[in-house]
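The values are calculated or read from the model by the stated rules, or taken from the named source; none is laboratory data. Here the structure is a predicted model, which is why all the values come from computation and not from measurement. Glycine also receives a Cβ, built like all others from the backbone with ideal geometry; neighbour counts cover every protein chain displayed. The area values use the complete protein model at the heavy-atom level, side chains included, leaving out ligands, DNA and RNA. Shrake-Rupley method; radii C 1.70, N 1.55, O 1.52, S 1.80 Å.
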Amino acid sequence: MTIRHLKRGKPETERAEDDAKVRTLVETTLKDIETRGDAAVSALAEKFDNYAPPSFRLSASEIEAAMSKVSERELTDIRFAQAQIHRFAEAQRASMTDLEIETMPGVILGHRNIPVQSVGCYVPGGKFPIVASAHMSVLTASVAGVPRIAAAAPPQKGAPHPAIVTAMHLAGAHEIYVLCGIQAIGAMALGTQTIRPVDMLVGPGNAYVAEAKRQLFGRVGIDLFAGPTETMVIADETVDAEMCATDLLGQAEHGYNSPAVLVTNSENLARETLSEIERILTILPTTDTASVSWRDYGEIIVCDTYEEMLDVANDIASEHVQVMTDRDDWFLDNMHSYGALFLGPRTNVANGDKVIGTNHTLPTKKAGRYTGGLWVGMFLKTHSYQRVTTDKAATEVGAYCSRLSMLEGFVGHAEQANLRVRRYGVQNVAYGEAAE
């Protein structure tokens, strides 16, 4: 096996140091929010956003005023995107059915899918207002039937962002807050004097948002660790360098620490892509961001075989994986660790980010090894129940339970079962003798 790095990003040791700094800052900030509530949130909003309104929650009239600033074209586009996402989320919800089965005569087992009762949806909007995140989190929670949906997004130029507010409202948010980063996550999870805490936090964000969710996990549920955007392009010579470079930089522009990786079995394509990236960076309007991400987190990996490409891709477990090869279905069948796949040159990660219908909140930092992305099922809790309807079943199951409990040394457990055996078993014998 010969795997060569034509370009590497920051060493893992430096990335770990960056993560440690983020952890410390987030921990201190969350403690402040928990201790001082609204006062801490207000101070953070004024410090980082120069934004200090009487209330961070938008009133109905403020929502209406924000929506009035959205053009008809923008409104039509938002509605189109939400229709695609709603259609796919509804199909996913329909696949999750309640269940009841009689596993043996008189023993009925089942489960019910119950919505989480309150969810906080974070919509990133620092450098770029990610309108699409409102569709992905708020709309999907709404389709799941969540009865209380709180949504938060940063202000833009000292005011709510009209398109984000519109998307949140149309998606079904019950409460809309204009709050950024750690203070938004902390306020929704911990609660303040004016913001009721939620049961679950969802939505992507920068490293600080992802770390805040990580530290709060357990106190509240979270969707997944969705930190800075990651993208991978798996390509062979069926595509050209312009397409590979465009797909890499299209995601690198998200932030200063967005990994972008090309995995290919063509050294020629690898070198041409490297040159094409340099060319595009000279004309890309977001080059200030994309160039830093590419410099520090960009990688080009050249393999000899498709099997090596597959192994590298599964090991990296990137959030977005764009596959453009002569065997895309083979990668679909064999990829097991990733956020979402984008198959063939006609699709791209931006489709998934914005409009096509699948959810764009996806696992990062190798979390694709153990979880998929946000979907309607994450807002549903599957709760089991059991019912024993006959004396015979109570006696038979109880006898097994008693013996197995004693095997483990749980006498109290055994007595729970024994009580049923005595009560319903004796009754059965009496009925049987009487019948005879």
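Things worth noting here:
- Region 138-155: number of residues that are open to solvent by 10 Å² or more (accessible area, probe 1.4 Å), under 27 Å from D32 (Cα atoms) and touching a Ser or Thr at 6+ places or on another chain (Cβ under 8 Å): 1
- Of the helices (runs of 4 or more DSSP H) lying entirely inside region 1-105, those containing at least 1 residues that are more than 29 Å from L139 (Cα to Cα), of a type in the set (S, T, N, Q) and open to solvent by less than 40 Å² (accessible area, probe 1.4 Å) are 12-36.
- Residue selected from region 185-241 under the condition more than 17 Å from the chain's Cα centre (by Cα) and among the small types (G, A, S), by the criterion farthest from I300 (Cα to Cα): G191
- Of residues in region 196-211 being at pLDDT 95 or above and out of contact with any Lys or Arg (no Cβ under 7 Å at 6 or more places or on another chain), the one surrounded by the most Cβ atoms within 10 Å (Cβ to Cβ): V202
- Reported count of residues in region 106-137, each being surrounded by 24 or more Cβ atoms within 10 Å (Cβ to Cβ) and part of a strand (DSSP E or B), is 4.
Conditions (1) open to solvent by less than 30 Å² (accessible area, probe 1.4 Å); (2) in contact (Cβ under 8 Å) with a residue 24 or more places away in the chain; (3) in contact with a helix residue (DSSP H, G or I) (Cβ under 6 Å, 6 or more places away or on another chain), marked per residue:
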position	(1), (2), (3)
K157	no, no, no
A167	yes, yes, yes
Y177	yes, yes, no
A184	yes, yes, no
A189	yes, yes, yes
T194	no, yes, yes
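- Looking only at region 264-281, and only at residues there that are hydrophobic (A, V, I, L, M, F, W, C) and more than 11 Å from L6 (Cβ to Cβ), the one that is surrounded by the most Cβ atoms within 10 Å (Cβ to Cβ): I277
- Lone unmet requirement of (1) over 23 Å from the mean Cα position of the chain (by Cα); (2) more than 19 Å from K7 (Cβ to Cβ); (3) open to solvent by less than 10 Å² (accessible area, probe 1.4 Å); (4) not small (G, A, S) for P345: (3)
- Checked against the criterion of being farther than 30 Å from V116 by Cβ and in contact with a strand residue (DSSP E or B) (Cβ under 8 Å, 6 or more places away or on another chain), region 403-418 contains not a single residue that satisfies it.
- Within region 138-153, not a single residue is under 17 Å from R57 (Cα atoms), outside any loop (DSSP other than H, G, I, E, B) and modelled with pLDDT under 95.
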